[in-house]
Amino acid sequence: MSKTWKIETQAVQGTYAPKPTEPRIPTICQSTTFKYDSADHLAKLFDLDLADPFYTRLGNPTADAFEGKIALMEGGVAALATSSGQAATTLSILNICQAGQHMVTASTLYGGTYSLFANTLPKLGLKISFVDPGAPIEELRKAFTPETRCLFAETIGNPGLNVLDFEKFSALAREMGVPLIVDNTFPTPYLCRPLEHGADIVIHSATKYIDGHATSVGGVIVDGGKFDWTGGKYPELTEPDASYHGLRYTEKFGPAAYIVKARAQYMRDLGATPAPMNAFLFNHGLTTLPLRMERHSANALAIAKFLEGHPLVTWANYPGLESHPSYALAQKYLPLGQSGVLSFGIKGGREAGVKFMEATELIALVVHVGDARSCVLHPASTTHRQLTDEQQVASGVTPDLIRLSVGIENVDDLIADIEQALQASQG
Ligand code: PLP
């Protein structure tokens, strides 16, 4: 195993290295618990002196294989698999932001994340400021307070599809002395590795491209291992933890302090653990991720170009289109492709949009993206329906917006399906 491997090799080989007679691929370790012979050995595990598995809520060999591989692919020091993308987002923040403290987030977010930040985390006492990620740095600076503990953004906003200006956001995070947490669900580490562009923590909804086959809900947090937690703002990492006999995470775990704490405290207490079967499928999914992302991106670009020139389409939104406001950022940060999600406005607005979604045959109307099979959705009436009109617009959703998650089918078949559905939408 080597960090010099290219990402395609990392995706296939990962960190799992079987010894003679052991299974070639990590098996599904469907066991709650693990046997030990001595109380002393178990004591060392509970004291975090050893990292062997002892109870699946806190760690499992199948999850470990997935965590090792995704950490390798993102270029981080370690990872923590979670039961969903939402759990990954929640834990990534609670780990460093307490009641009474504050965080700043780009407003262009997945609807569930927006709702978590606008409704649920504030109920726990966190203060959250939403900013327009396109605003100049002087404006963004004003959102920070002495209590700000992190900056959050999506690499590609879902569903607005704006590409994050990493240079601006990472400079801002550095200046403010807080980590930049990036949701990298849409690009995956094959198309973009945020840690190489100044992010400190990466999260994913593994449910999407990592699984890639619409089988399992899950998430993961990857720790870049470079953020300096010792400046005084994060006593929960640098001062003794009463729930672990006074250990100090930064002292004991160095660059992995953040991710060990997330596991030892929050996974222990909140229990958002992935099932071993799901961790197996995520690890499996990663094996073909580079190939799939190439095809998703090529198909999406071809369809975006087809839609852009179509008389029944009022606008097309895909960061790979030269007309897209994020085109330059996409070329800079996503040079291998801009992933499989695109959106467009249909002539005839909301009514035509509903007819279009009901008329597609190959492309299924489902609440999902990142599947090998193509999917279609109207976010304003589904994923973003809990938001007010103003919140929808702030998160990049307009009433006529149709979102396509372009799969890895033959692109000619997809274009034929879109063409017939566009014609049907006008009837
Ligand atoms: N982040 C992004 C960008 C998403 O698109 C989603 C789900 O669609 C999530 C997070 C939440 O992930 P999950 O559905 O796995 O909880």
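The values are calculated or read from the model by the stated rules, or taken from the named source; none is laboratory data. None of the values given here were measured: they were computed from a predicted structure. No Cβ is skipped: glycine too gets one built from the backbone with ideal geometry, and neighbour counts run over all protein chains shown. The area values use the complete protein model at the heavy-atom level, side chains included, leaving out ligands, DNA and RNA. Shrake-Rupley method; radii C 1.70, N 1.55, O 1.52, S 1.80 Å.
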Report task. State the Cα centre-to-centre distance between region 342-386 and region 157-183 in whole Å. Result -> 28
Query raised in the report: Taking one equal scatterer on every alpha-carbon of region 1-133, how large is log10 of I(q)/I(0) by Debye at q = 0.09, 0.22 1/Å?
Result: -0.41, -1.24
Report task. Keeping every protein chain in place, order E139, E409 by accessible area at 1.4 Å, biggest value first, i.e. largest first. Result -> E139, E409
Report task. Would you work out which of I28, T288, P194 lies farthest towards the positive end of the dipole of the chain? Charges go on Cβ: Lys and Arg +1, Asp and Glu -1. Result -> I28
Query raised in the report: How large is the helix-only mean residue ellipticity at 222 nm for the chain, computed as the sum of -39500 (n - 2.57) over DSSP H runs with n ≥ 4, divided by its residue count, in deg cm²/dmol to the nearest 500?
Result: -9500 deg cm²/dmol
Report summary line: Computed about the Cα centre, the charge dipole of region 290-425 from +1 Lys/Arg and -1 Asp/Glu charges at the Cβ has a magnitude in debye, to the nearest 20, of 280
Report summary line: Rg/Rh of the chain (Cα atoms, Kirkwood Rh), to two decimals, equals 0.98
**Report entry** Ranking by accessible area, most exposed first, for I201, I7 with a 1.4 Å probe
**Finding:** I7, I201
Query raised in the report: Using a 1.4 Å probe on the protein chains only, how many percent of the accessible area of the chain belongs to carbon and sulfur?
Result: 56
Report task. At 1.4 Å probe size, with every protein chain present, just tell me what the per residue accessible area of the chain comes to in Å². Result -> 40
Query raised in the report: Where the Cα atoms of region 290-425 are projected onto their three principal axes, how long is each span, largest first, in whole Å?
Result: 35, 32, 27
**Report entry** Nearest-20 debye value, region 7-286 charge dipole, Cβ charges on Lys, Arg, Asp, Glu
**Finding:** 320
Report task. May I ask which residue of A39, T9, T215 lies farthest towards the positive end of the charge dipole of the chain, with charges of +1 (Lys, Arg) and -1 (Asp, Glu) on Cβ and the Cα centre as origin? Result -> A39
Report task. Determine the dipole magnitude for region 16-57: charges of +1 sit on the beta-carbon of Lys and Arg, -1 on that of Asp and Glu, nothing else is charged, the reference point is the Cα centre, and the result goes in debye to the nearest 20. Result -> 260
Requested in this report: Find which of N410, P379, V354 sits farthest along the positive direction of the dipole of region 290-425, computed with +1 on the beta-carbon of Lys and Arg, -1 on that of Asp and Glu, about the Cα centre.
Outcome: P379
Report task. Could you check which residue among T62, T33, T207 shows the biggest mean-square fluctuation in a GNM of the chain with a 10 Å Cα cutoff? Result -> T33
Report task. Mind checking which lysines have their Cα closer than 22 Å to the Cα of K69? Skip sequence neighbours fewer than 8 apart in that chain. Result -> K3, K6, K19, K208, K226, K261
Report summary line: Taking only protein heavy atoms and a 1.4 Å probe, the highest-to-lowest accessible-area order of S92, S31 is S31, S92
Query raised in the report: Karplus couplings for region 254-263 from phi (6.51 cos²θ - 1.76 cosθ + 1.60, θ = phi - 60°), rounded to Hz, Gly and Pro as x?
Result: x, x, 9, 4, 4, 6, 5, 5, 4, 6
